Structure formats: C-alpha cells, structure tokens
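Report on one structure; see the data block that follows.
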Amino acid sequence: MLTIDAQVHAYERDRPGRPWHAVLAGPPEVTGDQMVAAMDKAGVDGAILISPITMYRYDASYALEVHKRHADRFALIKPVDPNDPAVADVIADWKRTPGTVGVRMLLVRGGYTEDPADPGLNRVLATAGRLSFPLNLHIAGRLDQGIELIRRHPDTQIIVDHLGLVQPHEPPVPAQPWAELPKVLTLAKFPNVAIKITGACTLSRQPYPFNDIWDPVCRVIDAFGIDRCMWGTDWTRAVNFLTFAQGVDAFRATNRIPDSDKAKLMGGTLTRIYGWSPRRKLS
C-alpha cells in the first residue's frame, strides 16, 4: 500500500539567517533529512511538505531547499497572504515552481477578517480555481465563514485542513473535541471539497491506538466518500500527543476501514487530487 502523509512540516533551528516568526509545537528542529528518516522508519513513502506559517510566515525557502535534496519524497505547499495585493501573482509563480502541488490559506492563524466577502480572501480562492491549483483551507474555528467562501467558488478544488476542527497543540484534549463535526459534515454537499483527516489522533481521549476517534472519523468518511478523504499526521504539531509512528500505525492497523478504502485514504486520494506521488516506493 502506497503511504503518503497529507501534512508534515520541516524546519531548521531558529537562527539569524532564517529567524522564526513564532514558535510552533514541536522539537527545536525537524530538518528535511530528519523528516525523511522518520518516514523511512515508519514506512511512509512520501509526504506533502507544508511550509509552517508559524515559523516562516509566507517564506517557503526552507521547504524548497528540502525539496532539492528529497524531490522523490516530498511535494510542496506554501501559505499565501490574502492581504497581499500581489497574491494572485504569488500563487501563479508558486505553481510554476518545480515540486509544488498547491497553496494554503489559514483564516485563523493568519489573523484575517471574518468577512466572507473580503476581496483578498476571495482573490485567493478565485486564483486557485482559475489556475486549477488545489487550495488547502484552514477554517477550524471559522466554519461559517469557510462554508460561505467555499460556496462562492464551486470551481476551486478545496482541501479542508485538519477535519475542519480546532485541534490542540498540547494536552489536555478539549472536553468535546468533535462538537462542531455536524457543521463540518455539511461541507460534503460541495463536490469540489475534499477533507484532510490530519491530526485526528490529537483529538483522542484514549492512549494509542486511539480507538475513540473511529466513530467520528468514519462519519466523515461516510459523508464525503473515501475518494474525497486523505490521511495525515500533521507532524510535527502532534508531537505532544503521540509519536510519528503511532500516527501512521493507528490508521494502518485499524480494522474499522476496509483495506481497499485504506489504500485510498492513506495515499490514493491524495495522488489523484494533487496529481503527485513519490518517485520511490519503500520496500
């Protein structure tokens, strides 16, 4: 089974040459080489490497460096700034960059307006649609705004980040981590929307293998269909809850998902939607 993680991060230690904007949950560094070593150990063939907005804001230069060393293992996504008047040009330039498969917009982490009619937010979605370039949309905590934005852009391929739910960066897990799931499931009516089942294990109130996530996760799969669902760990944000291998094995070993569906969830859907797969299959 081809195994592709839909979201990992890599970053250097904070240093003058490439200073951090802020601190993200995780180790002091997870370089590209270290991420590949973790993937090799866990049997993960490839991953979508997302430049972390917390550390690097809209500068994806480190992700590009990692890709040069490991082009067979990673495809790239970077966050874009809807407040940038030139954001359409930024997206077009990024699409022309070797190894890229999409862009990302984070409504909460970016500190943007809550107005779904905002020209900048809509410019990002419209540009991604015009260029047939998938857009990862982080709308956790702003589901109403996200739903309205998506409704306005039916021709844009949207991938909703992290189940559309607010996920913790450190324990404890919230008392009702799945409370907004019914609203998330309404997104399934939009055929242009896929969903990333990333970071799901951080919503568990049980230890590995996190058995309490499966009822809500299966509700997501039933609503969207397996052809619009993709698995991922959200490594390194999840480091305070589980190991990378646990985030892989919890899904790989579960009997709640048939093997044919598991193959789509853990790689097949991602390959189809992003049009990318790693060039090397681990033995």
* Asked: So how many residues does region 225-236 have that are farther than 21 Å from ILE77 by Cβ and outside any loop (DSSP other than H, G, I, E, B)?
  -> 1
* **Answer residue from region 56-76, given it is outside any loop (DSSP other than H, G, I, E, B) and aromatic (Phe, Trp, Tyr) and is surrounded by the fewest Cβ atoms within 10 Å (Cβ to Cβ) among those** => TYR62
* If you check GLY232, GLY268, which single one turns out to be closer than 16 Å to ILE4 by Cβ, surrounded by fewer than 21 Cβ atoms within 10 Å (Cβ to Cβ) and not hydrophobic (A, V, I, L, M, F, W, C)? -> GLY268
* Looking only at region 91-119, which residues are surrounded by fewer than 18 Cβ atoms within 10 Å (Cβ to Cβ), outside any loop (DSSP other than H, G, I, E, B) and in contact (Cβ under 8 Å) with a residue 24 or more places away in the chain? -> ALA92, LYS95
* Asked: What do you reckon, is PRO82 closer than 26 Å to GLY275 by Cβ, touching a helix residue (DSSP H, G or I) at 6+ places or on another chain (Cβ under 7 Å), in contact (Cβ under 8 Å) with a residue 24 or more places away in the chain and part of a loop (DSSP other than H, G, I, E, B)?
  -> yes
* Spot the failing condition for ALA47; the list is (1) under 21 Å from LEU242 (Cα atoms); (2) in contact with a helix residue (DSSP H, G or I) (Cβ under 8 Å, 6 or more places away or on another chain); (3) assigned to a loop (DSSP other than H, G, I, E, B); (4) not hydroxyl-bearing (Ser, Thr, Tyr), and only one is missed. => (3)
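No lab work stands behind these numbers, since they all come straight from the coordinates. None of the values given here were measured: they were computed from a predicted structure. FYI the Cβ positions are ideal-geometry reconstructions off the backbone, even for glycines, and counts take in every protein chain you see.
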